[in-house]
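Structure first, then comments.
What follows draws every value from the coordinates through simple rules; no lab data is involved. Remember, predicted model here, so these are calculated numbers, not experimental data. Every residue, glycine among them, receives a Cβ derived from its backbone with ideal geometry; neighbour counts consider all protein chains shown.
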Amino acid sequence: MITLRVGALLASAALLVSACGSAGPGDAATPARGEDPMPVTVTSAPAPSTPAPSQATTAPVPAALAFSATTLDGAAFQGASLAGRPVVFWFWAPWCPKCRSEAPAVKAAAVKYDKVAFVGVAGLDTESAMKEFVQRTRTGDIIHLADTKGAVWTKLGVSEQSTFVFMRPDGSTEKASGPLGHDELDGHLRKLLEG
């Protein structure tokens, strides 16, 4: 569309210059004495509205983040999108009482430590049970992956719920078994951000 407008503008300008005959090769078109210069208004087409690009990262992607998954909302998720950031993976199951008891601490920590990516990794049950858990614990502000086949659990070497994997920007990890309350989670997050 911009090319058409520019082309039309150039064609109009060429016609005006050739019709006036006041400009020779290499001369600027000038109005004759006593004439008002013809105003030329150049407008550009508005930039197409495109969503802002997601945060592009040039950080190397650790092997642990080389996975694809689906969120509980049905969106595609690439582990590589977390490269270069501190991340907390929270592995939980819908029927797990430990997981349910630590949900308020996880939710509070995600708000307090906003520079850390929090990713819930649900498994060991159906998607409908996972969605019900998120609704009941009010942890919907956190990204939750529906890992029904256990691929992300396997990728990060997790074999039981509730487990936390704290990943530094360089890809190194530390695991902790839950339940973790506010103070324990705080301690792990402070250590994650220091290192």
So if we plug the beta-carbon distance of residue 73 and residue 194 into 1/(1 + (r/R0)^6) with R0 = 25 Å, what FRET efficiency do we get, rounded to 0.05? 0.15
Computed D for the range 56-98, Stokes-Einstein, Kirkwood radius over alpha-carbon pairs, 25 °C, 0.890 mPa s, to the nearest µm² per second, is 202
All-pairs alpha carbon distance profile, the range 70-143, 5 Å steps from 0, percent: 3, 15, 29, 25, 18, 8, 1
Residue 154 to residue 182: extension gain in nm, 0.36 nm per residue of separation minus the Cα-Cα distance? 7.4 nm
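What is the sum of charges, Lys and Arg at +1 and Asp and Glu at -1, for the other residues whose Cβ falls under 14 Å from the Cβ of residue 98?
Numbers: positive: 100; negative: 102, 160, 184.
So the environment of residue 98 carries a net charge of -2.
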5 Å-binned pair-distance histogram of the range 56-195 (Cα, whole percent): 2, 11, 23, 25, 22, 13, 4, 1
